[in-house]
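Below is one structure, written out as structure tokens; the observations come after it.
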Amino acid sequence: MKLGGFPAFAGLLVFGVYISLAAQEPGGAAAPFKAGFAERDITPEAGSEMPGNYGKVYGRSIHDPCKVRAAVFDDGRKRVALVGIDALVAPRPLVIEARRLIRERRGLPPEAVLVGASHSHSSGPVAMTLPGEYDHASPLVQKLAYEFSSSADNAYLKRVAAEIAEAVCQADEKKVEARLSFGSGREDQVSFNRRLRMKCGLTFTHPGRGNPDILGYAAPIDPEVGVIGAWDRDGRLIGCIVNFACHATSSPGGFSANWIYYMEKTIRGAMGADAPVVFLQGACGDITPEDNLSFHASMPGEKQAKFVGGRVGAEAVKVLLTAEAGSAVPVDFRSKVWKIRRRIPSPERVQKCLEIAQKTEQEMGHTEWIFAKEILLLDASIRKSPEVEVEAQAVQVGPAVFISNPAEYFVDFGLELKKRSNFKFTWPVELANGCVGYVPTEEALGPSGGGYETRLTSYSNLEPTAGRQFLEAGLELAGSMKPGPAFEPPRAPPFKAPWSYGNVPPELK
């Protein structure tokens, strides 16, 4: 079977938990800890589709490069790879193909490679409809999917998969002895929960600035800026990893890495190096740079991208300058693959949506027509597969663990992961190793919930317990690993005597 031009991943991923095998160094001697970083260009051609909407949008220019950035960590027994891509999502077939290529060339097990999308809404055509995805459906549904929906480009998907593999292989080849620093900062001025409690008792998404019916935010944000710095023997930064939770919707115009571009520029400018900055998106399914409680106009895209990226980058720099470095052992990895059922629209709703979709968007209105189309696409997907394959993954680097899921994951889940984790540093990574759309909390899908993220579409449709399933699976995987030691500066020597120059009373004459 093929999907989107990629071969099925037979024989490498199976249901259940992966148990990784450690390769002991000859003679039992501890090998030096090594780290390698690399980046590759995946900037799409001007005129390509720019996904992030339910209809077709095209990027007419290029603002800044879109990249794949990869880090490989090797403790002498195991290796892990952390990959961030400037993309809206990381479709499952794309990740499977990239992992296959990496295994063939460098021998890394697929479950040791984490591929996370930045969720840049100004990136290339990797979503939403995959090539061939609706070939089984009726002519009307095929037309709605391929002609009226955002669609991935098969050649671009293959290019991105190849560049992910190339970045990981280069990072593995470029490994050097390294010390890692771990730390977290706080940035709480650039991200906001976009879901608001309303006087009607429901929760709306982006209800509008100045709306008198708003009671307040429906949930918090996650202000943590998680940072790993990798330093060579001479103390030079060779690369870093940054984790932060905020939608990349600050589109500066044209194809772009979004605010992540300015985050990278800030870090590189301050640290005086062209070190790759691997960005892994946190749990931000309901978090964006837009403050619905502000009475000021929204910033233009370019200014907002600089504002968000600059402040997150500056906070990352502060962490890099202060965190102590050491040998970050061990590295480890776990993965669990299973299936989750979709939510199923009623036959009556499908029939009504069929009637709407057979008319024009102009006749029915944009919103009603778009989401009728989405129900028909979902109905066709369910007929083909009522369940969706998903993966949760835990990748350990010393005292830190990255716990991933393929969702636009609500921030409440990310905060709970951090609270319940056995690791000092726990960093959720959403939209990793696949994409299943928005996964809200069960409360958001309940009587007082609602909002854009809870809409039933071909993109977002997992059963209400999906978020809890990802949470518990991730915690179980991380809980089976032993955290490495965190690093602290050397302790001061025992006190002997005060400084003789300063140990005097005031001298007035």
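Taken together, the values in this text are just the output of simple stated rules run on the coordinates, not laboratory data. All figures in this text were calculated on a predicted structure; none of them were measured in a lab. Because the Cβ atoms are built from the backbone with ideal geometry, glycine has one as well, and the counts that use them run over all protein chains shown.
Considering the convex hull of the alpha carbon atoms of segment 343-466, report its projected area averaged over all viewing directions, in nm², one decimal.
8.9 nm²
Using label points projected 7 Å from each Cα along Cα→Cβ, tell me how many nm separate residue 206 and residue 146, to one decimal.
Output for this residue pair reads 3.0 nm.
By a straight-distance test (C-alpha under 30 Å), which lysines pair with residue 336 as possible cross-link partners, with residues fewer than eight away in the same chain excluded?
Excluding near neighbours in sequence, the set is 2, 34, 67, 78, 158, 174, 175, 384, 418, 419, 424, 482.
Please enumerate, by chain and number, the lysines with C-alpha under 20 Å from the C-alpha of residue 359, excluding those fewer than 8 residues away in the same chain.
56, 143, 373
What number, rounded to the nearest 500 deg cm²/dmol, is the helix-based mean residue ellipticity at 222 nm of the chain, given -39500 (n - 2.57) per DSSP H run of at least four residues and division by all its residues?
-8500 deg cm²/dmol
Quick one: angle between helix 259-271 and the longest Cα principal axis of the chain, in degrees between 0 and 90, rounded to 10, please.
Once rounded, the angle reads 10 degrees.
If I model a spin label at residue 360 and residue 296 as a point 7 Å from the Cα along the Cα→Cβ vector, what separation in nanometres do I get?
Spacing of the two 7 Å Cα→Cβ label points: 4.3 nm.
Take peptides 219-229, 128-138, 96-106 and line them up by average Cβ neighbours within 10 Å, highest first, as a rough protection proxy.
Going by the mean number of other Cβ atoms within 10 Å, highest first, we get 219-229, 96-106, 128-138.
On a full-extension model of 0.36 nm per residue, what is the gain between residue 448 and residue 501, subtracting their alpha-carbon distance, rounded to one decimal in nm?
Gain in length upon complete extension: 12.4 nm.
Assuming R0 = 56 Å, what is the FRET efficiency of residue 465 and residue 314, from their Cβ-Cβ distance, to the nearest 0.05?
Once the sixth-power term is evaluated, E becomes 0.90.
I'd like the Kirkwood hydrodynamic radius of segment 128-266, using the inverse of the mean 1/r over distinct C-alpha pairs, in Å.
20.0 Å
In whole Å, largest first, what are the principal axis extents of the Cα atoms in the chain?
92, 65, 42
What angle do you read, to the nearest 10 degrees and between 0 and 90, between the alpha-carbon axis of helix 411-420 and the longest principal axis of the chain?
With both axes taken from Cα atoms, the answer is about 40 degrees.
Mind running the shape call on segment 289-386? Use the C-alpha gyration tensor, a ≥ b ≥ c as the square roots of the eigenvalues: rounded below 1.5 for a/c, prolate if a/b tops b/c, oblate otherwise.
oblate
Antiparallel as a % of all DSSP beta bridges within the chain, to the nearest 5?
In the chain, DSSP labels about 75 percent of beta bridges as antiparallel.
Multiply the residue gap between residue 233 and residue 46 by 0.36 nm, knock off their C-alpha separation, and tell me the result in nm, one decimal place.
63.1 nm
Given R₀ = 51 Å, FRET efficiency for residue 482-residue 509 by Cβ-Cβ distance, to 0.05?
0.20
Ordered by packing density, taken as the mean number of other Cβ atoms within 10 Å over each peptide's residues, highest first, how do 444-457, 469-482 rank?
Per-residue mean Cβ counts within 10 Å order the peptides as 469-482, 444-457.
May I ask you to derive the FRET efficiency for residue 105 and residue 159 from their Cβ-Cβ distance with R0 = 25 Å, giving the value to the nearest 0.05?
The value I calculate is 0.90.
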